[in-house]
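Everything on this sheet refers to the single structure shown next.
The values are calculated or read from the model by the stated rules, or taken from the named source; none is laboratory data. Remember, it's a predicted structure, so these values are computed and weren't measured experimentally. Here Cβ is always computed from backbone atoms with ideal geometry, including for glycine, and neighbour counts include all displayed protein chains. Surface areas here come from the heavy atoms of the whole protein model, side chains and all, with no ligands, DNA or RNA. Shrake-Rupley method; radii C 1.70, N 1.55, O 1.52, S 1.80 Å.
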Amino acid sequence: MLAFSALVAGSFTLGARVANLVDPAALTLLRFLLALVVTSLVLAVTRTDFRSALQNGWRWLLPGAIYAGYFVLMFEGLKTATPLSSAAVFTLSPILSAGFGWVLLRQRMTGRMGFALAIGAVGALWVIFRGEIAAALRLEIGRGEAIYFVGCLMHAALPALMRRMSRGEPPMLATTMMLLGGLVILTPWALPKVLATDWAAMPGIVWATLGYTAVCTTAITAALMQYASQRLPGAKVMAYTYLVPGWVIAWELAFKAEAPPGLVAGGVAITVLALLLLLKDERVS
């Protein structure tokens with residue numbers, strides 16, 4: 001999940017630079033296709049037995065639809081939201097994931113875990129409202145952040161949902177089936193958008209983003225989450241998202257963007273404190 005957080009952060013920086021250049025659904029369909037090729041090659045090389053995954057294959061449609069919907073809404077939100085504010089919205093996922101963990105798996109939350117999630121949420125909201133208390137009181141949330149929050153609601157359900165759906169499939173196999181389910185749902189809607197796009201005229205950053213998001217933040221991160229969700233409660237799986245805003249700052253600086261104001265950076269520091277509290281070993285049923 002540490003690797004997960006670093007890889008995910010890159011998609012915010014790259015995504016913000018292409019969100020207004022290509023349709024989100026078209027980009028998501030192509031990245032799913034590329035990711036499916038990558039994961040299928042891995043399964044072929046490792047000679048993974050996929051027969052169990054095909055039993056009741058319909059069960060992959062729901063997580064696939066959720067996964068595809070999350071990415072479409074992410075790029076739609078990045079049309080107007082900044083990479084850092086979007087990453088802050090993403091850090092609300094742990095507290096949302098804890099709720100889904102209780103509903104789907106009856107995973108209970110300890111008092112310390114609830115306290116840590118509350119601190120993380122405060123840090124995230126501090127960044128979203130740019131450290132301005134007046135803006136928070138007026139609930140001045142940007143359109144992009146609001147759109148992406150809906151996507152994060154969907155994404156937060158995945159750890160508990162995949163654990164509920166799993167029949168012991170290896171992470172890469174489960175990822176492949178989830179991508180396939182997402183393609184089945186997404187293709188009727190997104191294919192016309194793909195065909196209507198002049199891909200030859202797209203700048204290099206679009207192709208770089210497509211490759212990065214397909215391999216790093218679709219195939220690899222999905223496999224990492226699958227692996228972690230079988231071994232950790234949903235809230236702890238998503239706890240590492242608290243590192244994403246810090247990684248985004250590093251990515252933005254690498255792209256020579258301006259550093260965030262000190263007040264906003266303070267909100268990022270609060271989210272890191274929440275991560276440290278959540279990582280303390282504690283039995284959770």
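Taking a point 7 angstrom from the Cα of residue 146 along the C-beta vector, which residues in region 58-79 have backbone N less than 18 Å away?
73-79
Leaving out ligands, DNA and RNA but keeping every protein chain, what accessible area does residue 165 have, in Å² rounded to the nearest 10, with a 1.4 Å probe?
40
Among 219-227, 190-198, 45-53, how do they line up from the highest to the lowest mean number of other beta-carbon atoms within 10 Å?
Order by mean packing, descending: 219-227, 190-198, 45-53.
Accessible area of residue 5, 1.4 Å probe, to the nearest 10 Å²?
Number for this one is 0 Å².
Run the 1.4 Å probe and let me know the accessible area of residue 177, rounded to the nearest 10 Å².
For residue 177, solvent-accessible area is about 20 Å².
Under the 0.36 nm per residue contour assumption, what length would be gained going from the current alpha-carbon distance of residue 79 and residue 122 to full extension?
So the chain would gain 13.0 nm between residue 79 and residue 122.
Assuming 0.36 nm per residue, please report the length gained on full extension of the stretch residue 3 to residue 56 beyond their Cα-Cα distance.
Extending this stretch completely gives an extra 15.9 nm.
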